[in-house]
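Worksheet for the structure shown next.
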Amino acid sequence: MFKAVVFDLFETLVTQSGTAVPRAGALGEALGLDATAYRKQWKQLRSLVLRGELTFAEALTKVGTTLGIAIAGDRVQHACDERVRANTAIFERADSELVTLTRDLRARGVRLATISNCMAEDVAGWPNCAFAPQFECAVFSFAAGVVKPDVRIYLDAIQRLGVKPKDMLYIGDGGDDELQGAQRAGLRAAQASWFVSRAASAAVPLLANRQDVMRLVFP
């Protein structure tokens, strides 16, 4: 039995698939910029936003400045507001089976955390979502200053939960090499496949549903 389970957030607890979340890399035209030039500059700044070194608004403004165009403040604010709105709607549509899973785990004494590579606008809806009451901590990259698969972001969750890594399970869809990062931090890892289908990561269990999780946590 595992004493704690750490979940990835997007495409594990909630999904952006089939939603209208504005892709940050596709905002060029909406901001009055050349789409290709904007995308190139955004890619260079994305990691800084995910680590909290720049806010989303600061990064958008900086892209404009780099391209020699002053983006109107209301356009920048609209882009930020739309990202908050779209991601908050995702939390409001949380899958009932997964909510039940986290409640069942918590009821049986398993401590829960989530780790996500995200910007502040992505998780504005987290505190009020159905998952939040079951989770002892949420480690978001923009606040932690580090992104998966850097071992330090997992160590942050480990420290907050106060559980030995060997007694912890990390569950994620496998993006950003997160499963390998969890293993390097000493956690067991498993791959969630209920929202997205990725090539199976070597040597980790593949989980298709809530029952698979419960069987792994309580063998």
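The values are calculated or read from the model by the stated rules, or taken from the named source; none is laboratory data. Note that the structure is predicted; figures quoted are calculated from it, not measured. Cβ sites come from the backbone with ideal geometry, for glycine too, and all protein chains shown count toward neighbours.
Filtering segment 24-51 to residues that are of a type in the set (D, E, K, R) and within 22 Å of Ile115 (Cβ to Cβ) leaves Arg46, Arg51. Scanning segment 16-55 for residues that are within 24 Å of Val196 (Cα to Cα), surrounded by 20 or more Cβ atoms within 10 Å (Cβ to Cβ) and out of contact with any Lys or Arg (no Cβ under 8 Å at 6 or more places or on another chain) yields a single hit, Leu50.
Could you tell me whether Glu58 is surrounded by fewer than 17 Cβ atoms within 10 Å (Cβ to Cβ), outside the structural domain of Phe195 (by TED's automatic domain parsing), touching a Gly at 6+ places or on another chain (Cβ under 9 Å) and not small (Gly, Ala, Ser)? Full working, then the answer.
Values: surrounded by fewer than 17 Cβ atoms within 10 Å (Cβ to Cβ): yes; outside the structural domain of Phe195 (by TED's automatic domain parsing): yes; touching a Gly at 6+ places or on another chain (Cβ under 9 Å): no; not small (Gly, Ala, Ser): yes.
No.
Right, Leu179: crowded, with 20+ Cβ neighbours inside 10 Å, of a type in the set (A, V, I, L, M, F, W, C), in a helix (DSSP H, G or I) and in contact (Cβ under 8 Å) with a residue 24 or more places away in the chain or not? So Leu179 fits the description; yes.
Once segment 25-58 is narrowed to residues that are hydrophobic (A, V, I, L, M, F, W, C) and in a loop (DSSP other than H, G, I, E, B), the residue that is modelled with the highest pLDDT is Leu54. The condition (being under 18 Å from Ala4 (Cα atoms), touching a strand residue (DSSP E or B) at 6+ places or on another chain (Cβ under 8 Å) and hydrophobic (A, V, I, L, M, F, W, C)) is satisfied by just one residue among Met168, Met214: Met168. Somewhere in segment 70-80, is a residue under 19 Å from the mean Cα position of the chain (by Cα) and not aromatic (Phe, Trp, Tyr)? Yes, there is a match, as at least one residue in segment 70-80 is under 19 Å from the mean Cα position of the chain (by Cα) and not aromatic (Phe, Trp, Tyr).
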